[in-house]
Structures are given as C-alpha cells and as structure tokens.
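Colleague: Below you will find the structure I want to go over with you.
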C-alpha cells in the first residue's frame with residue numbers, strides 16, 4: 001500500500017514535470033495556427049489556419065504586419081553554426097587526443113579550456129566588444145562572434161571527446177603500430193573510426209549551442225544580426241504568431257537534425273551490438 | 001644460432017619501483033622462448049619495452065644486430081600479440097589480417113590480389129578458413145586468438161611477442177592452443193617470446209624458459225633444468241611444486257625453524273635468500289611408527305586435507321610452527337597412505353632430493 005502510494009506520487013510528479021517541460025512548446029505550436037492577420041498571440045483560437053506560415057514565406061497579401069526579417073539572419077546563423085561546429089570539433093578531438101598523455105601544465109590547460117563554458121556569456125560578449133573597440137576591429141558575426149562561439153562550444157566538444165577517449169582501449173592502437181603502421185595512419189584507420197560516435201555527439205553539441213546562442217552574440221555581433229537576435233528584435237515591437245510559426249519550423253528542423261544524428265548513431269551502434277550479442281553467445 | 005634479440009642491462013623504473021632491474025637476455029633465431037614471471041615481476045613491461053611501447057631508462061636493445069631503443073614501434077618489425085587480442089572491432093576477420101600488409105609504412109602492398117592470396121595462405125595456416133567475412137565479434141575466443149596471430153604473422157616479423165596469449169581462453173582451449181601455437185611457430189620459423197604467469201604453460205611451451213623475478217632474469221634454461229634445478233628459492237617458489245623452508249646453512253645441516261635437515265653432498269647455490277626446497281612429489285607419507293633409513297629426512301605433520309586430481313592426490317599437512325606442507329602422491333605408483341583428518345604422520349624424503357640455497 002505504502003509502495004503503491006509512493007509510486008502514484010512519483011508518477012504525478014513526473015507527469016507535472018513533463019507538462020512544465022513541454023507545455024510552453026505545445027502552447028506555442030497551437031498558437032501558431034491562429035488565424036491572421038487580425039488574430040493575436042493569445043487564446044482563444046479564433047479560427048484554425050496556416051496564415052502565419054504563409055506570412056513567413058511572403059505568400060499573404062501585404063498588411064501592416066511586416067514579414068519577419070529572418071531570411072538573412074537564418075542563413076547567417078546556419079553558416080555560423082556550421083563553421084563553429086567544424087572548428088570546435090576539430091579542436092575538441094585533437095586536444096582531447098593530446099590530453100591522453102599527461103604533459104606539463106595539462107591540469108592548467110584543462111581548466112583554461114573548460115573556463116570557456118563556465119564564464120557568463122554576457123560578460124564575455126561585453127569583454128569581446130570592448131577589446132574589439134580598443135583594437136579597432138570591426139565586430140561581425142563571422143569574426144568576433146565566431147571566435148566567441150568557438151570559445152563557448154569547444155569545451156563541450158572537448159569534454160565529450162575526453163570521455164570517449166577515456167574508455168578507449170589503447171591496445172588496438174599499439175597493435176596497429178606493431179604491424180608497422182605509422183601513428184598518423186593508425187589514427188586515421190583505427191582510432192577515428194572507433195571514436196566516430198563521439199565525434200558526432202561533439203558536432204551536435206557545437207552546432208546546437210552555436211545556433212541559438214544569444215548572450216555572447218548580443219554584444220559581439222555588430223550590425224548584421226544572427227537569428228536569435230533578429231527574433232528578439234521583433235519581440236521588442238509587437239509579438240505576432242508568425243514568430244511562433246517560425247519557432248515550430250526551427251523545432252522541426254532541429255528534430256530533423258537529431259533524427260539524422262540518431263540514424264548515424266544507430267548504424268554504428270548496431271554494428272557494436274551485433275558484436276556484443278555474439279560475445280555473450 | 002644467431003641471436004635475434006639481445007638485451008643488456010635494460011632498466012626501467014616507475015618512481016621508486018624498479019620494474020626492470022638490469023635485464024640481460026639473448027634470444028636465438030627460430031625458437032620458442034617462454035618467460036615465466038608472477039604478477040608484478042615486470043614481464044609485461046619487459047615485452048612493452050622490447051616492442052617499443054615504452055622506452056627503457058638505460059641499457060641497450062639489439063634487434064637483428066641493430067640498436068632499436070630509439071626506434072618507434074612501427075619501424076621495429078616486432079610482432080605483438082595482446083592478451084585481450086586487441087583486434088580492430090570495426091573490421092572483418094580478413095580485413096583485420098590484411099591491415100598490416102596494406103597500411104604499413106614500409107613497403108605496403110597495394111595490389112589487392114596479392115593481399116588476398118597472402119591472407120588466404122595465412123588463414124589456412126592458422127585454421128580460420130571460412131570465417132574471413134565474419135566480424136571479429138562473431139567468432140569465438142580461440143578463433144580471435146588465431147586472428148590476432150595471423151594478423152601479426154602475415155607481416156613476417158622476425159620476432160613475435162605474446163603477452164599471456166592463452167590467458168583469455170578457457171582451460172580446454174588453452175591446452176589445445178598450446179600445441180597449435182608451437183606448430184604454427186615451427187611452420188613460420190620465427191622466434192616466439194611467450195610471456196605467462198603459469199608455470200605449467202611456461203614449461204610446456206618453451207624450448208628455453210626464462211624466469212623473471214623482481215625485474216631480473218633469475219634463470220634461463222631448458223624446461224627440464226628449470227623444473228629440476230631451479231637456480232634460486234624464488235624460482236622454486238614460482239614453479240609451484242616445491243616446499244620451501246627458510247633457515248641457515250651450518251656445516252652438514254640446514255637449520256630450519258622446524259628442525260635440522262641433514263645434507264648429503266648438495267652444492268649450495270649462492271643466490272638470494274638461504275632456503276631448503278623439497279619437491280611435492282619427492283615426499284612420502286608414513287605412519288609415525290615407521291622406520292627411516294640413514295639417508296632420509298623425517299619431519300612430523302598433522303593432516304589437514306587432500307585434493308584429488310585424477311592422476312595424483314595432493315595432501316596438505318600443517319607442521320608444528322603452523323606452516324603448510326604439500327605432498328603429491330602419484331596414484332600410478334602405489335596406493336597412497338590413507339590419511340585421517342587431524343592425524344599425525346611422518347613426512348619423509350631422501351636427503352639427496354632436496355635443493356639447498358645459501
């Protein structure tokens with residue numbers, strides 16, 4: 001009796017947790033189907049429509065509500081996220097590889113790297129803006145912002161790779177060397193294929209963190225806005241459901257990204273699992 | 001016979017621990033060498049130093065007449081078979097075996113027809129035919145062992161280091177693989193250096209048996225000599241078939257805590273701790289009242305338990321100072337004395353059968 005009571009309480013707690021977690025997203029999704037252009041971002045739904053989706057793509061007759069200024073911002077954010085992902089992952093993989101051997105100052109270097117994800121974004125963003133001003137460097141999303149995004153996402157990629165390499169059995173590399181294969185080729189042919197699932201995770205982290213980064217970007221980006229800044233800019237005037245429609249679309253895009261990641265992971269895990277099953281048999 | 005590998009005064013320390021403490025070895029060409037050492041004796045470190053995974057602190061390593069201390073592992077052409085096999089999990093059996101040939105720095109083979117032919121030969125040699133396309137996780141432990149061996153042998157090294165290669169296999173398979181390893185080695189004509197913690201394995205496999213004790217080579221002899229005449233008390237202890245007594249040599253006796261053992265012309269080997277060693281199967285169990293001859297040594301002990309192993313019975317007796325003595329009675333020779341628990345018995349051996357170290 002006691003046990004089932006606890007179970008019920010925990011069940012309700014979990015359910016509430018899930019409601020609070022996903023509630024905002026669901027509300028946003030529902031409101032994006034509000035009718036337009038007269039319907040606002042609040043209940044009740046006057047009439048279900050996909051007006052705001054059409055509005056996003058400029059397929060509605062012009063009204064006083066300006067289309068979201070996101071086209072260029074979206075491209076910028078995607079390009080920035082891809083650039084950040086590539087650089088952070090390469091840095092993360094190579095530096096985690098370096099940390100497999102203890103070297104002088106490795107402890108200090110570790111904290112120095114990890115600091116990038118610890119310090120408050122607003123401070124770093126502001127600091128970057130001040131330095132750029134002092135040195136007479138123009139602030140751009142592809143310059144100052146890009147550097148900050150790498151500083152921010154690189155520790156995540158680094159930590160993911162560190163965890164992966166920690167569990168990595170070094171004897172397969174030694175086996176390869178003893179067969180006459182050079183360390184560089186060994187890394188390419190043995191180590192990298194084996195740590196690839198970890199590399200995928202590091203890439204995903206770097207991409208998503210950069211894609212919706214706000215606080216660092218706010219001060220460091222200069223004139224051309226990235227997507228989160230552009231959306232925030234529209235809020236400050238008036239909120240229309242077109243923002244919600246856009247939110248739904250980006251969420252779907254993220255899901256697609258996660259789906260790709262899941263498929264790639266599944267492919268590499270399935271191979272490992274086939275291995276594990278045979279191991280038990 | 002030419003020496004393929006020569007180590008002289010090789011040392012390697014980890015902090016205060018001298019893992020290798022002046023190793024001198026000379027390995028002949030085309031031979032099976034086993035290296036016996038208890039855990040912690042530095043045997044794996046020795047192999048890793050020879051392979052080049054670790055650098056020695058001092059000393060020289062000559063491989064085929066050339067110094068290799070500073071040569072990285074992939075330029076040494078010394079094969080290494082790992083205890084856990086360390087197969088490449090993302091490659092099939094055939095790809096694992098072909099890996100070294102195709103990817104090595106020196107003289108890689110790019111013609112896939114040549115690679116295929118070589119893989120086919122070596123697969124037949126180690127008995128893996130039909131399994132080429134399997135994943136390395138889809139085969140049994142013994143088969144994995146063969147893949148590890150084939151992968152190494154195909155690159156034609158002059159020396160193959162095997163780090164407890166049978167340790168991961170079950171007992172049945174281990175015995176079978178012993179014979180197989182020897183046969184494969186003979187067909188290839190290379191030198192195998194086989195490291196093991198099992199004295200039976202070391203004695204069974206090696207043309208020469210090296211015994212490693214606390215970072216030093218304690219003995220290097222053929223199996224028969226190592227078994228019958230271990231050069232130190234430490235070697236006798238690793239062999240797991242000697243009862244050892246510590247004590248002092250005084251004229252014609254060896255004075256141990258359980259009494260004086262009269263000697264008979266033994267040459268005391270002057271190395272390590274003084275000790276008196278008598279092999280398990282040299283001791284006979286007699287009733288207390290039975291008489292002993294002049295050339296026999298007799299002590300008394302209380303029977304604790306015995307262990308039946310088919311061809312022999314191992315009986316355990318505790319002496320008055322609490323130490324336990326093991327006696328091995330071969331059942332093919334005579335029906336052994338049936339012992340009563342907690343009964344007192346005389347344990348008797350011939351003076352000349354004992355080994356003395358001083």
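Yes/no matrix, rows are residues, columns are (1) assigned to a helix (DSSP H, G or I); (2) within 11 Å of chain B (Cβ to nearest Cβ):
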| position | (1), (2) |
| --- | --- |
| A:153 | yes, no |
| A:156 | yes, no |
| A:169 | no, yes |
| A:181 | no, yes |
| A:184 | yes, yes |
| A:190 | yes, yes |
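Colleague: Any idea which residue in segment B:52-70 is farthest from the other protein chains (Cβ to nearest Cβ), counting only those that are closer than 24 Å to residue B:30 by Cβ and assigned to a strand (DSSP E or B)?
Modeller: B:60
Colleague: Has segment A:159-171 got any residue that is surrounded by fewer than 19 Cβ atoms within 10 Å (Cβ to Cβ), closer than 20 Å to residue A:214 by Cβ and modelled with pLDDT of 90 or more?
Modeller: Looking through segment A:159-171, none of the residues is surrounded by fewer than 19 Cβ atoms within 10 Å (Cβ to Cβ), closer than 20 Å to residue A:214 by Cβ and modelled with pLDDT of 90 or more.
Colleague: To continue, here is another question. Taking residue B:19, is it without any contact (Cβ under 8 Å) to a residue 12 or more places away in the chain and either under 28 Å from residue A:188 (Cβ atoms) or assigned by TED's automatic domain parsing to the domain that holds residue B:185 (or both)?
Modeller: No, not satisfied.
Colleague: From the list A:237, A:184, A:263, A:199, pick out the single residue that is at pLDDT 85 or above and more than 22 Å from the chain's Cα centre (by Cα).
Modeller: The conditions single out A:184.
Colleague: Which condition number does residue A:52 fail, the rest of (1) surrounded by fewer than 13 Cβ atoms within 10 Å (Cβ to Cβ); (2) outside any loop (DSSP other than H, G, I, E, B); (3) outside the structural domain of residue A:218 (by TED's automatic domain parsing) being met?
Modeller: Evaluating residue A:52 over (1) surrounded by fewer than 13 Cβ atoms within 10 Å (Cβ to Cβ); (2) outside any loop (DSSP other than H, G, I, E, B); (3) outside the structural domain of residue A:218 (by TED's automatic domain parsing) leaves (1) as the failure.
Colleague: Any residue in segment B:130-139 that is over 23 Å from residue A:180 (Cα atoms), without any contact (Cβ under 8 Å) to a residue 40 or more places away in the chain, assigned by TED's automatic domain parsing to the domain that holds residue B:85 and under 32 Å from the mean Cα position of the chain (by Cα)?
Modeller: yes
Colleague: Okay, next question. Residue B:212 passes all but one of (1) over 14 Å from the mean Cα position of the chain (by Cα); (2) part of a strand (DSSP E or B); which number fails?
Modeller: Condition (1) is where residue B:212 drops out.
Colleague: Pairs only if they're at least six apart or on different chains, beta carbon under 7 angstrom, first in segment A:122-139 and touching a residue at least 40 places away in the same chain (Cβ under 8 Å), second surrounded by 16 or more Cβ atoms within 10 Å (Cβ to Cβ) and not in a helix (DSSP H, G or I); list them, first residue then second.
Modeller: A:129/A:139; A:132/A:139; A:138/A:222; A:139/A:221; A:139/A:222
Colleague: Among the residues of segment B:295-323, what is the count of those that are closer than 22 Å to residue B:277 by Cβ and surrounded by fewer than 13 Cβ atoms within 10 Å (Cβ to Cβ)?
Modeller: Adding up the residues that qualify gives 6.
Colleague: Now for a separate question. Could you run through segment B:96-127 and say how many residues are free of Cβ contacts under 8 Å to residues at least 40 places away in the same chain, more than 10 Å from chain A (Cβ to nearest Cβ) and surrounded by fewer than 21 Cβ atoms within 10 Å (Cβ to Cβ)?
Modeller: 13
Colleague: In segment B:148-167, which residues are away from every other protein chain (no Cβ under 11 Å) and out of contact with any strand residue (DSSP E or B) (no Cβ under 7 Å at 6 or more places or on another chain)?
Modeller: Result: B:150, B:166, B:167.
Colleague: If you go through segment B:71-95 one residue at a time, how many are within 8 Å of chain A (Cβ to nearest Cβ), part of a strand (DSSP E or B) and more than 30 Å from residue B:61 (Cβ to Cβ)?
Modeller: Total meeting the criteria: 0.
Colleague: Applying the selection to segment B:221-255, what residues are surrounded by fewer than 20 Cβ atoms within 10 Å (Cβ to Cβ) and assigned to a strand (DSSP E or B)?
Modeller: Once the filter is applied, which keeps residues that are surrounded by fewer than 20 Cβ atoms within 10 Å (Cβ to Cβ) and assigned to a strand (DSSP E or B), segment B:221-255 yields B:221, B:244, B:246, B:248, B:249, B:250, B:253, B:255.
Colleague: OK, next. Consider only pairs whose beta carbons are under 6 Å apart and that are at least six residues apart or on different chains; among these, list those whose first residue lies in segment A:28-41 and is within 13 Å of residue A:238 (Cβ to Cβ) and whose second residue is assigned to a loop (DSSP other than H, G, I, E, B).
Modeller: The qualifying pairs are A:37/A:63; A:37/A:65; A:41/A:239.
The values are calculated or read from the model by the stated rules, or taken from the named source; none is laboratory data. Predicted model, so just to flag it, every value in this text is computed and none were measured. Every residue, glycine as well, gets a Cβ built from its backbone with ideal geometry; the counts of neighbours run over all protein chains shown.
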